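One structure is given below, encoded as structure tokens.
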Amino acid sequence: MTVTVRHSEMGALLGFAERQLYVYKRYWVWEVVWLFYSVVSVLSIGFLASGLGTLGAGGESFDLRKAQLYLLVGALLWGYLSLVFMEAAYAIAWERWEGTIEYTFMAPVRRMTHLMGICLFAIGYGLARTFIVLLVAVAIFNIDFSHANVAGALLVLAASIVPLIGLAILTSVLPLLSPQKGEQMSFAVQGFMLLVSGVYYPLSVLPMPLQVAGAASPLTYALSGMRRSLLEGAGVGDQLPTVGILLAMGAALIPAGILVFSWAERRAKRLGLLKRSG
Amino acid sequence: MSIPAIEIQGVSKAFRRREREAGAPWWRRDWKDKVALHELDLIVQPGGVTGILGPNGSGKSTLIRILGTLLTPDTGTARVFGWDVVKEALQVRRHVNRVSVEAAFFKELSPWENMVYAARLYGSAGSGTRRRVVEILELLGLPLDVIDQPMKQLSRGQQQKVAIARSFLTAPSLLLMDEPTTGLDPRSKKEVQTVLETLRAEREITVLVCTHDMNEAEALCERVLMMDGGRVLADGRPAELCRIHGGATLEGVFMHLTGKTLEAEEPEEVAP
């Protein structure tokens, strides 16, 4: 790749991220609504945890504070990871809604650049929104992160983005395969990940087939690693195996996602599916 | 001899769709092929405006989409400035831009935001982008106070002018215009046509314009291809076609060749 082309691809990458920023600025009312929904969801989980004692959960070994932290960390991380996942997975769905899919697909830009540009925005947007939710949760539940190892947690968080992008690219293919049903299928994938990734409970409570599916989900390792750092103070060195697993998953999922996307794009061009918006 | 702007050899395209025969049970649907483009050969030399005339369903948009790398032909090869539209799609896209009947914009964004996005995709964004955008919009006669308003607040004529301005910004060598004036009021239509005339006079660019407006084709195009049912029925200069086929206008030539007017409606592409 020549320097000019690399420069041009970098400009396009920023262009996609910047476009999303413009779109979200214009839809700011919706963003307020979604932010409110995120805050309410996390607070509900927090209060659920607070109410466990009065619901009869107890026993000497039961640590209510730990249960609350466990659930809140799960809710916050799920909020962030699912947001990044859906933003990236909706890369094509956005274009269909706006009627710009053909324009974008005609641009002299590699598909990798297109998808990574959307992911870049999704990561920044997800971090900003989750930070606000975190502030509210900390203020209301007086969360104690004094035992947390922030460096370890941030390392796992950064590594978890890699396989998540691969998974999101794979999911973003769905609206290309089926203009009518692809978007709903993205929700189904998101829901399944919530079920099997140990967001609100340990994997061990699941039936064996779901435990196997959970073991294949990168979110499982991301959540478990983050909890170890935030709740038990696991440091950077302790997290290296988890980071290794996440990066290995990303190394497999991103090329697989790009390959599947390329195949789906060729299919869409052969069958004339790009034009369809409904 | 220069490389042709467009070189098409034996290109055809059909779309498959599932249909239920009359009287067949609701669950029984069979695949059927709908031919959008029969085998087509075409060479367009660089420069000038070439018109493709035909009713809806005649294969015009299919041809434009193939040249824009948005559709893969079933047979044959299509090249743009020597680049194959399937095997060298990225190189083709660097030389081509398209203005379609539906102005493809992020409607909540402003003309400026849409244009800077386009400039970034085509690698032409820089410190002077705002100045160039203003210059182009002025050239097109668009009031500059709309530049930061959401696109959805602009009239269709204004949106179409922004679409043309956006294509100018990326300096394409081949401009594909798919029904650029369809649905516009007469004044907007005239304004867009004036822009095209200016473009033809001032820029070294090859324009392929699809239309079913015969008067527009007669006024703008040096060469005209008449299509119907996915086939090219006639190819030549407007005056030449009128002389050969004995019509006073291109509309008359089309009626002479097909026995019908341009109002025929057919679905063009159907996804499975």
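For region B:6-258, report the % of Cα-Cα distances exceeding 22 Å. Result for the distance tail: 58 percent.
For region A:164-232, the Cα-based Rg and Dmax, in that order, read 13.9, 46 Å.
Ordered from longest to shortest, the equivalent ellipsoid semi-axes for the protein assembly as shown are 53, 25, 21 Å, each the square root of 5 times a Cα gyration tensor eigenvalue.
Extension gain for B:Leu90-B:Thr194 works out to 34.3 nm (0.36 nm per residue, less the C-alpha to C-alpha distance).
Beta bridges per DSSP, both residues in chain B: antiparallel share near 55 percent.
Averaged over peptide B:99-106, the number of partner chain Cβ atoms lying within 10 Å of each residue's Cβ comes to 5.
Among beta bridges identified by DSSP and lying wholly in the protein assembly as shown, the antiparallel ones come to about 55 percent.
Calculated mean residue ellipticity, 222 nm, chain B: -10000 deg cm²/dmol, from DSSP H runs (n ≥ 4) at -39500 (n - 2.57) each, averaged per residue and rounded to 500.
Other protein chain C-beta atoms within 10 Å of residue C-beta, averaged over A:23-35: 1. Of the three principal axes defined by the Cα atoms of region B:1-79, the extents in descending order read 59, 23, 18 Å. Pairs of Lys residues in region B:6-258, spaced 8 or more positions apart or belonging to different chains, with C-alpha separations under 24 angstrom: 19 in total. Within region A:1-110, all pairs of alpha-carbon atoms sorted by distance into 10 Å bins from zero give the percentages 11, 28, 23, 17, 12, 7, 1. A Gaussian network model of chain A, with springs between Cα atoms under 10 Å, assigns the largest mean-square fluctuation among A:Val33, A:Val136, A:Val42 to A:Val33.
Using the Cβ-Cβ distance between B:Ser127 and A:Ala139 with R0 = 60 Å, the FRET efficiency computed as 1/(1 + (r/R0)^6) comes to roughly 0.85.
Please compute the Kirkwood hydrodynamic radius of region A:183-278 from all pairs of different C-alpha atoms, in Å with one decimal. Write down the numbers at each step before the final one.
Details: mean 1/r = 0.0632 Å⁻¹.
It is 15.8 Å.
Applying a DSSP loop filter and a limit of 16 other Cβ atoms within 10 Å to the chymotrypsin sites (Phe, Trp or Tyr not before Pro) in region A:87-165 leaves A:Phe145. Enclosing the Cα atoms of chain A in their convex hull gives a volume equal to 152 cubic angstrom per residue.
When peptides A:107-115, B:228-236, B:52-60 are sorted by average Cβ neighbour count within 10 Å, with the highest value leading, the order is B:52-60, A:107-115, B:228-236. Evaluated over the Cα positions of region A:111-168, the convex hull gives a direction-averaged projected area, one quarter of its surface, of 4.7 nm².
FYI, it's all coordinate maths here, none of it is from the lab. Predicted, not measured: the structure shown is a model, and the values here were computed from it. Glycine gets a Cβ as well: all are built from the backbone with ideal geometry, and neighbour counts include every protein chain shown.
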